[in-house]
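*Asks:* Below you will find the structure I want to go over with you.
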Amino acid sequence: MKPFTISGTSHEALRFGPSDISTTAWKESETAALEHNLDAYSAFTHFARLNPDHEWKPEIERIRKFILAMWDKNRSHFWSGANLSSGTINKEELYLDNQTWSLLALDFESLKEVNAHEALALNCESLYVVHEGITGFMDSKPARGQKRYEFVWSEGTLGQILAMEKTGFSCESVSAKELLTSVEKMKKADGGIAYATTTNNPDFTTSSSVAGTAWMYFAANGINPFTVTRALTVASRK
């Protein structure tokens, strides 16, 4: 992990990559992405539980501290990451997964330091769409502008469902149960869940995907993949 400073406060986080890619406009080696650090936080935490003879508490706590540093108390949501050289937080885009994965990865004691319902409400207000008869969420939008694309992303929507269930939250316009029923309509002939509804975004396809299918299994069974526990309110669907 690389040490750096955010607003005068010291932090450490895992960087996006060990070297830069010439075809991208940003430097991977100088970027700490919240999404990737959430993955690492979960992996380190589970490794420590399975291997009590190894001491991982300092690393886990440093990553947890970085995760919480991405929470904006004034705007009540998580930002996507920070520059390791300047300590500048990326405030250009709002991402669906930054809100949901943070809530799924953090334990309930850590969640007391954020407003989980406000984070999920941001997704409901900014990323919620009904597209091709499917109700769900897009992946992102500019922080200061209109939506770039309108489509339903299955993986992200299913993560929102689990985060809603963990925190007991519902969007004003739709419940977790209704969202799950809608995403189930994205099932393809081969049995997999489509990655997205039709979109011009080159990063998304209408083909069945491993991510969409796996997250459908998690959401349908109330399994939080970040903690390998069942969502608290999954029984309420029945």
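*Asks:* What's the angle, to the nearest 10 degrees (0 to 90), between helix 210-220's Cα axis and the longest principal axis of the chain?
*Replies:* 80 degrees
*Asks:* Considering only protein heavy atoms, what per residue accessible area in square angstrom results for the chain with a 1.4 angstrom probe? It would help to have the intermediate numbers written out before the result.
*Replies:* Details: 11930 Å² over 238 residues.
Accessible surface, normalised per residue, equals 50 Å².
*Asks:* If you keep only loop residues by DSSP, which GluC sites (Glu not before Pro) in the stretch 89-121 have at most 15 other Cβ atoms within 10 Å of their Cβ?
*Replies:* Filter output for the stretch 89-121: Glu92, Glu113.
*Asks:* Can you give the FRET efficiency to the nearest 0.05 for Trp26 and Asn74, using r as the Cβ-Cβ distance and R₀ = 25 Å?
*Replies:* Values: r = 25 Å, r/R0 = 1.01.
For Trp26 and Asn74, the calculated efficiency is 0.50.
*Asks:* Round to the nearest 10 and report in Å² the accessible area of Trp56, as given by a 1.4 Å probe over the protein chains' heavy atoms.
*Replies:* Rounded to the nearest 10, the figure is 70 Å².
*Asks:* Kindly express, to the nearest 10 degrees and within the range 0 to 90, the angle between helix 116-126's C-alpha long axis and the longest C-alpha principal axis of the chain.
*Replies:* Roughly 60 degrees, rounded to the nearest 10.
*Asks:* Relative contact order for the stretch 29-144: what is it in percent, counting Cα pairs under 8 Å that are at least 6 residues apart?
*Replies:* Details: 143 pairs, mean separation 30.0, N = 116.
Relative contact order, the stretch 29-144: 26 percent.
*Asks:* Also: Check each of the trypsin sites (Lys or Arg not before Pro) in the stretch 23-97 and keep only those in coil by DSSP with at most 11 other C-beta atoms within 10 angstrom; list them in order.
*Replies:* Numbers: sites: Lys27, Arg49, Arg62, Arg64, Lys65, Lys73, Arg75, Lys91; in loops: Lys27, Lys73, Arg75, Lys91.
Loop-located and lightly packed - Lys73.
*Asks:* What is the percent carbon and sulfur in the accessible area of the stretch 89-177, measuring with a 1.4 Å probe over the protein chains and ignoring ligands?
*Replies:* Details: 1570 of 3510 Å².
Its accessible area is 45 percent carbon and sulfur atoms.
*Asks:* Below 28 Å, Cα to Cα, which lysines can Lys27 reach? Residues fewer than 8 away in the same chain don't count.
*Replies:* Result set, ordered by chain and number: Lys2, Lys65, Lys73, Lys91, Lys141, Lys147.
*Asks:* Still on this model: Obtain the nm distance between the two label points defined at Asn201 and Asp53 by a simple spin-label model: each point lies 7 Å from its Cα along the Cα-to-C-beta direction.
*Replies:* 4.6 nm
*Asks:* OK, next. Any chance you could give the angle, 0 to 90 degrees and rounded to 10, that helix 34-50 forms with the longest Cα principal axis of the chain?
*Replies:* 80 degrees
*Asks:* Right, here's the next one. Compute the distribution of all C-alpha to C-alpha distances in the chain, in bins of 5 Å from 0, and list the percent of pairs in each, rounded to whole numbers.
*Replies:* Percent of pairs per bin, in order: 1, 7, 14, 17, 19, 17, 13, 8, 3, 1, 0.
*Asks:* Name the residues of the stretch 9-49 whose amide N is less than 20 Å from a point 7 angstrom out from the Cα of Lys91 along the C-beta direction?
*Replies:* 9-11, 31-35
*Asks:* Let me ask another. With contacts defined as alpha carbon pairs under 8 Å and 6 or more residues apart, what's the relative contact order of the chain in percent? Intermediate results must be reported in sequence, preceding the final value.
*Replies:* Details: 423 pairs, mean separation 33.7, N = 238.
Averaging sequence separation for qualifying contacts and normalising by length gives 14 percent for the chain.
*Asks:* May I pose another question? Find how much the distance from Tyr217 to His36 grows on full extension, using 0.36 nm per residue of separation minus their present alpha carbon separation; answer in nm with one decimal. Let's see the in-between values first.
*Replies:* On the way: separation 181, 0.36 × 181 = 65.16 nm, distance 2.19 nm.
Gain on extension, Tyr217 to His36, equals 63.0 nm.
*Asks:* Among Ser175, Thr206, Gln160, pick out the residue whose Cα is farthest towards the positive end of the charge dipole of the stretch 93-215, where Lys and Arg carry +1 and Asp and Glu carry -1 on C-beta, about the Cα centre.
*Replies:* Thr206
*Asks:* Also, I was wondering about something else. At what distance in angstrom do the alpha carbon centres of the stretch 1-36 and the stretch 163-177 lie from each other?
*Replies:* Between the Cα centre of the stretch 1-36 and that of the stretch 163-177, the gap is 32 Å.
The values are calculated or read from the model by the stated rules, or taken from the named source; none is laboratory data. Treat the numbers as computed from the prediction; the structure is a model and nothing was measured. A quick note on method: Cβ atoms are made from the backbone with ideal geometry, for glycine too, and the neighbour counts reach across all protein chains shown. These area figures cover heavy atoms from the full protein model, side chains too; ligands, DNA and RNA do not enter into them. Shrake-Rupley method; radii C 1.70, N 1.55, O 1.52, S 1.80 Å.
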